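Q: This is the structure I have questions about; it appears just below.
The values are calculated or read from the model by the stated rules, or taken from the named source; none is laboratory data. On a predicted model such as this, the values are computed, not experimentally measured, just so you know. Virtual Cβ from ideal backbone geometry, glycine too; neighbours counted across all protein chains shown. These area figures cover heavy atoms from the full protein model, side chains too; ligands, DNA and RNA do not enter into them. Shrake-Rupley method; radii C 1.70, N 1.55, O 1.52, S 1.80 Å.
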Protein chains: 2
Amino acid sequence: MLLGGTYPALMALGMLKAAPAYSFEPKTNLKGKKILILGAGLCGMTAAYELQKLGYDCTILEARDRTGGRCWSVRKDSNNQEIDSPKQISKFDEGQYFNAGPSRIPHHHQLTLQYCKELNVPLQIYNNVNEGSYYFAEGKGPLSNKKIKTREVHNDMRGYMSELLYKSISQDKLDLDLSKDDVEKVLEYLRAEGGLDIDNLYKASARRGYVNPPSASNQSGTIGNAFPLADILSSGLADPDFYNVAEYTYELQMTMFQAVGGMDKIASALEAKVGNLIKKSAEVTSIKNLENSVKVVYKDGKGLHEIEADICICTIPLKVLSNLEHNFSSNISRAIDYASYINTGKIGLQFKRRFWEEDEQIYGGITHTNNQLTQIFYPSNDYHSKKGVLLGYYNFNDKAIEVGALSYSDREKLALEKGALIHPQYPKEFENSFSVSWHKTPYNLGGWALYSSETRESIYKPLLKPEKQVYFAGEHMTYLNAWMAGAFESARSVVMDINNRVNERNEVYKKAED
Amino acid sequence: MLLGGTYPALMALGMLKAAPAYSFEPKTNLKGKKILILGAGLCGMTAAYELQKLGYDCTILEARDRTGGRCWSVRKDSNNQEIDSPKQISKFDEGQYFNAGPSRIPHHHQLTLQYCKELNVPLQIYNNVNEGSYYFAEGKGPLSNKKIKTREVHNDMRGYMSELLYKSISQDKLDLDLSKDDVEKVLEYLRAEGGLDIDNLYKASARRGYVNPPSASNQSGTIGNAFPLADILSSGLADPDFYNVAEYTYELQMTMFQAVGGMDKIASALEAKVGNLIKKSAEVTSIKNLENSVKVVYKDGKGLHEIEADICICTIPLKVLSNLEHNFSSNISRAIDYASYINTGKIGLQFKRRFWEEDEQIYGGITHTNNQLTQIFYPSNDYHSKKGVLLGYYNFNDKAIEVGALSYSDREKLALEKGALIHPQYPKEFENSFSVSWHKTPYNLGGWALYSSETRESIYKPLLKPEKQVYFAGEHMTYLNAWMAGAFESARSVVMDINNRVNERNEVYKKAED
């Protein structure tokens, strides 16, 4: 097991840029090994890419007429037909797009970045943090229906909280397990963190912005007033699901990236490597383990076809897999049937003019709302260009179900109506839209896998082991759900498992070599 | 005064993209008006650009053989000769550079962004916020000489402070002027803000990062331990001059931009518009007001020359101006002589390989140190490319004086030695350097103007009014010191003042028109 031990160790150490071409002799044995991969998303294509390097014979079946799965940028003529809905075709201009699936790459998703480098996919900053975007509380409290700048809420809350703690500590009301020197340091920290004044009180500071900005000559700038703490609280702007603690989340901390020109460039770059192995518009209907192989039935424009392979990698999302015919054991079958996926939706709105940049100096970042929109994302690309596609909403759970249940045109209407409360420029500048409800999208039926600590045991664990010749892979087979990193890590993991299995069967050869 | 009133009002409202070509008749009168501009930095060139649109006859004298002033990107063959020092010539590779002067554009510096748009200067995100960079305390406390991730300090401090305030409030130790409901909301906010656990205590959370990151299969990820509060404090990591409250500063809040390919692209774009008006290598030696004009003496390779104009715009930094011959009144002269500028320096270090990206997943952002380096800036451009220029230090005040006093090679030595404590890859990957000490650089003698509320009265105010035919302009004539926005706003302001003055003199014409 020389190689089986070395390869993952090297990979874990980040010392290998990519899976190396194995140098052992029984390669002739591999040549015969047929691997059938279900799904040409990032995981399926990456697995094929790595297995191909190792000399395996791979075929990929893809239900759609395009690759990438959820790694999908909606562009001119992109289309999708949701369940119980007509076909929707994008009328975006050439060059306009939005990422319907993953749109952000954290700087610590090393493998994702490594593949972007290896595949020559240029990256640019995804500007996830923007203090110039808004909080918008519709119909709630004294600050309702107002555009509140993120920096105003952030700095007012930090200021008030620092003032309160300062007061508490300086009045000796807390029993701190700290030296006198360290207590002084905490106080000094709070003064700086909160931007407290010389009386250690929070008053408005320049951090929250100006009514009249500083400029030349005698324009020294006029600072705006802080919002009363009670107003912020009762308008819900400090509520955890609203206040932007998302920025603190490990995966959402800057630096973040996106592929230049659309996230689907990553899928395209993989397709360029393994495109010859992919059968598109080939929808799997049945997966059956035989004694020493797997038989898969798929249908395409010409009818039903059977294909047999030594090993199968199934990247089909579990909610979709649950509807297919298979002969998996009952606990695997149950795990698949009870898997949970997030309900989520996005709408892209093409506007004639980047009014958010031109009129409001908003460049990228997110506006948060308490209504069905949940979030408006401003594009982090092509700043200062003429047109642009806003993400008019990106919502989850109940809000995503409610909005997803609407027709495409009613979603657009809602996005425009609610969005115009924040950006009155909407009606004048709007051109067209395209919406995606992932839980209503065939071949996905959900955004990404959701696990609790219980279902990590009851659903996830059973699926980690191959079901005879069938291996389960994809973001749902990782602790990186929702991230492209999940697809890449899962691909590497399943390639390792399969290669180790094949190596073990060739034990006689290897022993002779050692 | 029809136009005098309308133009600034429209400008203030942001309704004019650029100064319009005035349509009033006495244009023939303007044609004769000669405006002499001293300095082809951003302010001088912008003033010429706008005055030219209005029909004025402008000449710019520039002491250096290049335009842009402090808006300067050091590239292959760039050079500088500091006071009492030999000439330094950059050995950077073609395509490698760093911005020796301004390197960031805040999203709310609307006029700067507007000029970039008007002049077709492409922008990209300047990634000022990066949770993956480091805090490094040399020789101080239990966390000394360790690379502490920014996210670790940020989240530990937020966590501990939130826990303390939670405790204080929930034990009724603070007399809050809030309803019971609002108190509950504050507690809920603190739980979220601090990432407190179910016992409302701060323990390490995923926000501060992993020892082993989550991945595929059974790799659920292992979270690192929080640093003890006392350790953070005694290592000085929460000190105001170290802890990254700079990110909260209005001007440093994301979104931030830079010009693609170097900030000097902005200067080049302006030069493309007014280059024909500029006399380079023309060092002003004397400025004298005459009865109704100004006479300026400058020297170039051929000797001394005299030039006369109706009006002069002097953008020469005050510390430089103080050394020139002039006939200004005593209070203006005193204001100039007593002006204060910041001492500051930067060093660009070219490396063979972007080890900070490849080995440490640091993409842009700033590492903070307590030693002479003060800050290391990672490039926010050309991610994943081979070579790169790090800003090895960017320091101020005493540290800038200490380091600036060293020879170029000793600065390099210091930057490499101190930097290698953080990045041991330095010695192996280093190629060459270029350092700039602004307070030792001729024609600047400082980084940017520094004012106190006292000197705003004693120095700044007197200079706001023209000294007969001489107008003072530049970032030092604004409340936007250190920012390119200061140069642009000052240019617009002085153009307005001059144009109003000329219009008033043409009152007879305008009255006839009204």
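Q: Quick one: what are the phi-derived ³J(HN,Hα) couplings along the stretch B:448-454, Karplus 6.51/-1.76/1.60 with θ = phi - 60°, whole Hz, x for glycine and proline?
A: 7, 5, 10, 10, 9, 5, 5
Q: Starting from a label point 7 Å past Cα on the Cβ side, list the distances from residue A:146 to the same position in the other copies, nm, shortest first.
A: 4.4
Q: Turning to a different aspect of this structure: Each label point is 7 Å from the Cα along the Cα-to-Cβ direction; what then is the distance between the points at residue A:359 and residue B:225, in nm?
A: A separation of 5.5 nm, rounded to one decimal place.
Q: Starting from the Cα gyration tensor of chain B, take the square roots of the eigenvalues, sort them a ≥ b ≥ c, and report rounded, prolate or oblate (rounded when a/c is under 1.5, otherwise prolate if a/b is larger than b/c, else oblate).
A: Verdict is prolate for chain B.
Q: In nm to one decimal, list the spacings between the residue A:359 label point and its equivalents in the other copies, with label points set 7 Å along Cα to Cβ, shortest first.
A: Listed shortest first, these distances are 5.1 nm.
Q: Right, here's the next one. Under a Cβ-only charge scheme (Lys and Arg +1, Asp and Glu -1), can you give me the dipole magnitude of the protein assembly as shown about the Cα centre, in debye to the nearest 20? Please report the intermediate quantities before stating the final value.
A: Numbers: 120 positive and 126 negative charges, 525 e Å.
The calculated dipole for the protein assembly as shown is roughly 2520 debye.
Q: Pop out the Kirkwood hydrodynamic radius of the protein assembly as shown from its pairwise C-alpha distances, inverse of mean 1/r, in Å to one decimal.
A: 31.5
Q: Out of the trypsin sites (Lys or Arg not before Pro) in the stretch A:70-136, which ones are loop residues according to DSSP with at most 14 other C-beta atoms within 10 Å?
A: The qualifying sites are A:76, A:91.
Q: At 0.36 nm per residue, minus the direct Cα-Cα distance, what do residue B:333 and residue B:180 gain on full extension? Give it in nm, one decimal, please.
A: Computed gain between residue B:333 and residue B:180 is 48.9 nm.
Q: For the interface of chains B and A, what total accessible area is buried with a 1.4 Å probe, rounded to the nearest 100 Å²?
A: Summing both chains' loss of accessible area gives about 7100 Å².
Q: Restricting to bridges with both residues inside the protein assembly as shown, how much of the DSSP beta-bridge set is antiparallel, in percent to the nearest 5?
A: 70
Q: Still on this structure: Which positions within the stretch B:137-161 get 30 Å² or more of their accessible surface covered by the other protein chains, compared to the chain by itself, with a 1.4 angstrom probe?
A: B:151, B:158, B:161
Q: Quick one: 3J(HN,Hα) in Hz for the stretch A:345-360, Karplus 6.51/-1.76/1.60 with θ = phi - 60°, rounded, Gly and Pro as x.
A: x, 9, 10, x, 10, 8, 10, 4, 8, 7, 4, 5, 7, 5, 9, 10
Q: So if we plug the beta-carbon distance of residue A:57 and residue A:454 into 1/(1 + (r/R0)^6) with R0 = 41 Å, what FRET efficiency do we get, rounded to 0.05? Each step should come with its number before you reach the end.
A: Values: r = 40 Å, r/R0 = 0.97.
After rounding to 0.05, the efficiency reads 0.55.
Q: Quick check: with the 1.4 Å probe, what order do A:281, B:235 take by accessible area, largest first? Please list the in-between numbers first.
A: Working: A:281 55, B:235 0 Å².
In descending accessible area the options line up as A:281, B:235.
Q: Tell me what the protein assembly as shown gives for mean residue ellipticity at 222 nm when only DSSP H runs of n ≥ 4 count, each as -39,500 (n - 2.57), the sum divided by the residue total, rounded to 500 deg cm²/dmol.
A: My calculation for the protein assembly as shown gives -9500 deg cm²/dmol from helical runs alone.
Q: On a 0 to 90° scale, report how tilted helix A:180-194 is relative to the longest principal axis of chain A, with both axes built from alpha carbons and the result rounded to the nearest 10.
A: Value to nearest ten degrees: 90.
Q: Grab the beta carbon distance between residue B:465 and residue A:146, set R0 = 35 Å, and tell me the FRET efficiency rounded to 0.05.
A: About 0.30, to the nearest 0.05.
Q: Using the heavy atoms of the protein chains and a 1.4 angstrom probe, tell me the accessible area per residue for the protein assembly as shown in square angstrom.
A: Numbers: 39560 Å² over 1028 residues.
So the protein assembly as shown comes to 38 Å² accessible per residue, rounded to a whole number.
Q: When DSSP beta bridges are limited to those with both residues in chain A, what percentage is antiparallel, rounded to the nearest 5?
A: 70
Q: Here is a further query. Place the label 7 angstrom along Cα→C-beta at residue A:76 and in each other copy, then list the distances from the first to the rest in nm, shortest first.
A: Residue A:76 label point versus its equivalents elsewhere: 3.7 nm.
Q: About the Cα centre of chain A, how large is the charge dipole given +1 on each Lys and Arg Cβ and -1 on each Asp and Glu Cβ? Please answer in debye to the nearest 20.
A: 1340
Q: What's log10 of I(q)/I(0) for the stretch A:228-385 at q = 0.09, 0.10, 0.19 Å⁻¹, Debye sum over Cα points only, no solvent?
A: Once normalised to I(0) and log-transformed, intensities are -0.58, -0.69, -1.28.
Q: Could you pull out every residue, at least 5 positions away or on a different chain, whose amide H is within less than 5 Å of the one on residue A:326? Hs are placed 1.01 Å off N in the peptide plane, and Pro or chain starts have none.
A: HN-HN under 5 Å from residue A:326: A:287.
Q: What number results when the radius of gyration of the stretch B:370-514, computed over Cα atoms, is divided by 2.2 N^0.38 Å?
A: 1.55
Q: Given a 1.4 Å probe and heavy atoms of the protein chains only, how would you sort B:470, B:320, A:260, largest accessible area at the top?
A: Ranking B:470, B:320, A:260 by accessible area, largest first, yields A:260, B:320, B:470.
Q: Provide A:504, A:152, A:188 ordered by accessible surface of protein heavy atoms (probe 1.4 Å), highest first.
A: Numbers: A:504 100, A:152 35, A:188 75 Å².
Of A:504, A:152, A:188, the descending order of accessible area is A:504, A:188, A:152.
Q: Between rounded, prolate and oblate, where does the stretch B:150-238 land on the alpha carbon gyration tensor, with a ≥ b ≥ c its root eigenvalues, rounded for a/c under 1.5, else prolate if a/b exceeds b/c?
A: It comes out oblate by the Cα gyration axes.
Q: Kirkwood hydrodynamic radius for the stretch B:387-453: how many Å is it when counted over pairs of different Cα atoms?
A: Working: mean 1/r = 0.0750 Å⁻¹.
When all Cα pairs of the stretch B:387-453 are included, the Kirkwood radius is 13.3 Å.
Q: How far is it, in nm, from the label point at residue B:432 to the one at residue B:118 when both lie 7 Å from their Cα along the line to the Cβ?
A: In this crude spin-label approximation the distance works out to 3.8 nm.
Q: Taking R0 as 60 Å, what FRET efficiency do you get between residue B:210 and residue B:308 from their Cβ-Cβ distance, rounded to the nearest 0.05?
A: It comes out at approximately 0.30.
Q: Distance between Cα centroids, the stretch B:121-167 to the stretch A:275-308: provide it in whole Å.
A: 51
Q: How many percent of the accessible area of the stretch B:150-238 is carbon or sulfur, using a 1.4 Å probe? Numbers along the way, then the final one.
A: Values: 1680 of 3740 Å².
Answer for the stretch B:150-238: carbon and sulfur cover 45 percent of the accessible area.
Q: If you take the charge dipole of the stretch B:150-238 about its Cα centre, with +1 on Lys and Arg Cβ and -1 on Asp and Glu Cβ, which of B:192, B:169, B:217 is farthest toward its positive end?
A: Sorting the options by dipole projection puts first B:217.
Q: Still on this structure, I have one more. For the protein assembly as shown, build the charge dipole from Cβ charges (+1 Lys, Arg; -1 Asp, Glu) around the Cα centre, then report which of B:422, A:496, A:122 sits farthest towards its positive end.
A: A:122
Q: Kindly express, to the nearest 10 degrees and within the range 0 to 90, the angle between helix A:484-505's C-alpha long axis and the longest C-alpha principal axis of chain A.
A: 20
Q: Can you tell me which lysines have their Cα less than 18 Å from the Cα of residue B:299? Leave out same-chain residues fewer than eight positions away.
A: Filter leaves B:279, B:280, B:288.
Q: Quick one: of A:413/B:180; A:147/B:147; B:91/B:146; B:34/B:273, which pairs are farther than 29 Å apart, Cα to Cα?
A: A:413/B:180; A:147/B:147; B:91/B:146
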